[in-house]
């Protein structure tokens, strides 16, 4: 395991490739690590709160239980990273690559994920309350996730699993929910103006019939 001080010294000297490094439990609070390569790194329980990781490569990294709250991860690559139980509340993740990440039980409340790609991500039970999730979520698993008051305007949720999800007060205007699974989802007070719900499964979803008017629901299973 490399010493944090040595890592920061090497980074300051221009080194960017730290792929596969072991930094389990390290404290890198508010560290400046722009465009660092931490691919496949062991970062279990690491404290990266407030760190600048914009443009960084964290693909396939082990970030179980990591603290990335308020971190700058704009345009970062976290594809296939393990983020189970991680804290990304208030993080900046605009245009980040989050394809096939595992964030089951994680916290992204208040995070900005505008333009991010979360296709086929496992987000079961994750907390996204108050987040900006105008993102690509094709075939993502959001089962039992907390999406209350989330902005999902024009989000691509085609084929996503939202069974049992909390979407109270969410803004799904112009969202693509083609073939999405919304079984027993709570959509009370949610905005669905212009949303595409063709072939979506809304069985036992909490959604007034009035709010379904003028929606694209051809072939959907409703109530």
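The values are calculated or read from the model by the stated rules, or taken from the named source; none is laboratory data. Note that the structure is predicted; figures quoted are calculated from it, not measured. Here the Cβ is made from the backbone with ideal geometry for all residues, glycine too, and neighbour counts use every protein chain on show.
The residue list 43, 8 contains one member that is under 24 Å from residue 90 (Cβ atoms) and over 23 Å from the mean Cα position of the chain (by Cα), which is 8. Residue 20 fulfils the conditions (1) over 27 Å from residue 90 (Cβ atoms); (2) not in a loop (DSSP other than H, G, I, E, B) except for a single criterion, (2).
Okay, residues lined up against (1) out of contact with any strand residue (DSSP E or B) (no Cβ under 7 Å at 6 or more places or on another chain); (2) at pLDDT 95 or above; (3) under 27 Å from residue 60 (Cβ atoms); (4) part of a strand (DSSP E or B):
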| residue | (1), (2), (3), (4) |
| --- | --- |
| 100 | yes, yes, yes, no |
| 109 | no, yes, yes, no |
| 120 | yes, yes, yes, no |
| 125 | yes, yes, yes, no |
| 149 | yes, yes, no, no |
| 154 | yes, yes, no, no |
| 158 | no, yes, yes, no |
| 178 | no, yes, no, no |
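Among the criteria (1) surrounded by fewer than 16 Cβ atoms within 10 Å (Cβ to Cβ); (2) in contact with a helix residue (DSSP H, G or I) (Cβ under 9 Å, 6 or more places away or on another chain), the one residue 19 does not fulfil is (2).
Take residue 57 and tell me if it is within 20 Å of residue 121 (Cα to Cα), under 14 Å from the mean Cα position of the chain (by Cα) and free of Cβ contacts under 8 Å to residues at least 60 places away in the same chain.
No.
For residue 70, indicate whether it is closer than 21 Å to residue 129 by Cβ and assigned to a loop (DSSP other than H, G, I, E, B). So residue 70 passes the test. If the condition is being in a loop (DSSP other than H, G, I, E, B), touching a strand residue (DSSP E or B) at 6+ places or on another chain (Cβ under 7 Å) and either farther than 21 Å from residue 64 by Cβ or at pLDDT below 95 (or both), then the range 79-98 contributes only 94.
All conditions but one from (1) more than 22 Å from residue 75 (Cα to Cα); (2) modelled with pLDDT of 95 or more; (3) surrounded by fewer than 23 Cβ atoms within 10 Å (Cβ to Cβ); (4) more than 12 Å from the chain's Cα centre (by Cα) apply to residue 189; the one that does not is (2).
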